[in-house]
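Everything below concerns the one structure shown next.
Computed from the coordinates by the stated procedures, all read-outs in this text should not be read as laboratory data. Being a predicted model, the structure only gives us computed values, none of them experimental. Glycine gets a Cβ as well: all are built from the backbone with ideal geometry, and neighbour counts include every protein chain shown.
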Amino acid sequence: MRNSALIVVDMLYDFIDGSLACQNADQAVKETLKFIDAQTKGQGGEDHEILDTFPILFVRDHHPADHSSFKEQGGIWPSHCVAGTRGGDIHEDLQPYACEELTFDKGCDRAKEQYSGFDGVNTAEQSLGEILELLDTEEVYVCGIATEYCVRNTCEDLLKAGFKVRLLKDCLAYVDLAGHLKALDEMGSEGIRIE
Ligand code: VGL
Ligand code: ZN
């Protein structure tokens, strides 16, 4: 069987009900939980055994309080996902599936925007790309927020790195519906499977 993994991008409170709340966010979290349930059903055993057979990786937007993308610093976004605040936390319903080794932070450097989760790093400074190689992953399912920004950049970097990318369209939230649909269309033509 092909080695697959799930990557959950930025399902964080500021993108769900906070300063940058996105459309369809509650629904996207619910659908993600359903997907995880369906993937892990029948595998039995304790939670950690399930995670061994179907790794779930989390990406977090993780900014310093004076990040250059914030409006007060001349950027385009309201302040969001500041490290150590609730706005930067993973939704509580997903937290049971998250562990430190498989949680990757990005946007930590105040000078860099970094939409892509591909270069995000865990507390041991290992990148998401590196860990996927270590896990011998061939195929990645991707869900998260926002379709047009972090999800798209993450998917495109995964594809460039040679992974088969399957984007879960019901498990996405977005800044703008038209932008979401356009991004899906374009990603589809690039070879990302939309399902
Ligand atoms: C994102 C805007 C600013 C995202 C991150 O995760 O899509 N969007 N920072
Ligand atoms: Zn951000």
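The Cys residues in the chain with no partner Cys Cβ within less than 4.7 Å of their Cβ are Cys22, Cys81, Cys99, Cys108, Cys150, Cys155.
Each Lys or Arg adds one and each Asp or Glu takes one away; over the other residues whose Cβ falls under 13 Å from the Cβ of Asn122, this sums to -4. Rounded to the nearest 20, the Cβ-based charge dipole of segment 4-194 about its Cα centre (Lys and Arg +1, Asp and Glu -1) stands at 540 debye. Antiparallel beta bridges, as assigned by DSSP with both residues in segment 4-194, represent about 15 percent of the total such bridges.
Provide Glu72, Glu138, Glu148 in ascending order of the number of other Cβ atoms located within 10 Å of each residue's Cβ, fewest first.
Working: Glu72 10, Glu138 14, Glu148 21.
The order, fewest Cβ neighbours first, is Glu72, Glu138, Glu148.
Cut-off is 10 Å between beta-carbons; in what order do Thr103, Thr154 appear when sorted fewest neighbours first? Write down the numbers at each step before the final one.
On the way: Thr103 20, Thr154 28.
Least to most surrounded, the residues fall as Thr103, Thr154.
Indicate the gyration tensor shape class of segment 4-194 (rounded, prolate or oblate), computed on the Cα atoms with a ≥ b ≥ c the square roots of the eigenvalues: a/c under 1.5 is rounded; otherwise a/b larger than b/c is prolate and the rest oblate. Because its axes are fairly even, with a/c under 1.5, segment 4-194 counts as rounded.
Determine the dipole magnitude for segment 97-195: charges of +1 sit on the beta-carbon of Lys and Arg, -1 on that of Asp and Glu, nothing else is charged, the reference point is the Cα centre, and the result goes in debye to the nearest 20. Write down the numbers at each step before the final one.
Details: 10 positive and 21 negative charges, 65 e Å.
Dipole size: approximately 320 debye.
Computed over the chain, the per-residue total of -39500 (n - 2.57) for DSSP H runs of n ≥ 4 gives a 222 nm mean residue ellipticity of -8500 deg cm²/dmol, rounded to 500. Could you let me know the centre-to-centre spacing of segment 113-169 and segment 53-85, using Cα atoms, in angstrom? The distance from the Cα centre of segment 113-169 to that of segment 53-85 comes to 16 Å. Partner aspartates and glutamates whose Cα lies under 20 Å from the Cα of Lys34, excluding those fewer than 8 positions away in the same chain, are identified as Asp10, Asp26, Glu46, Asp47, Glu49, Asp52, Glu92, Asp93, Glu139, Asp170, Glu195.
What residues from segment 88-118 fall in the zone where the backbone N is under 17 Å from a label point 7 Å along the Cα-to-C-beta line of Glu130? Output list for this probe position: 100-109, 117-118.
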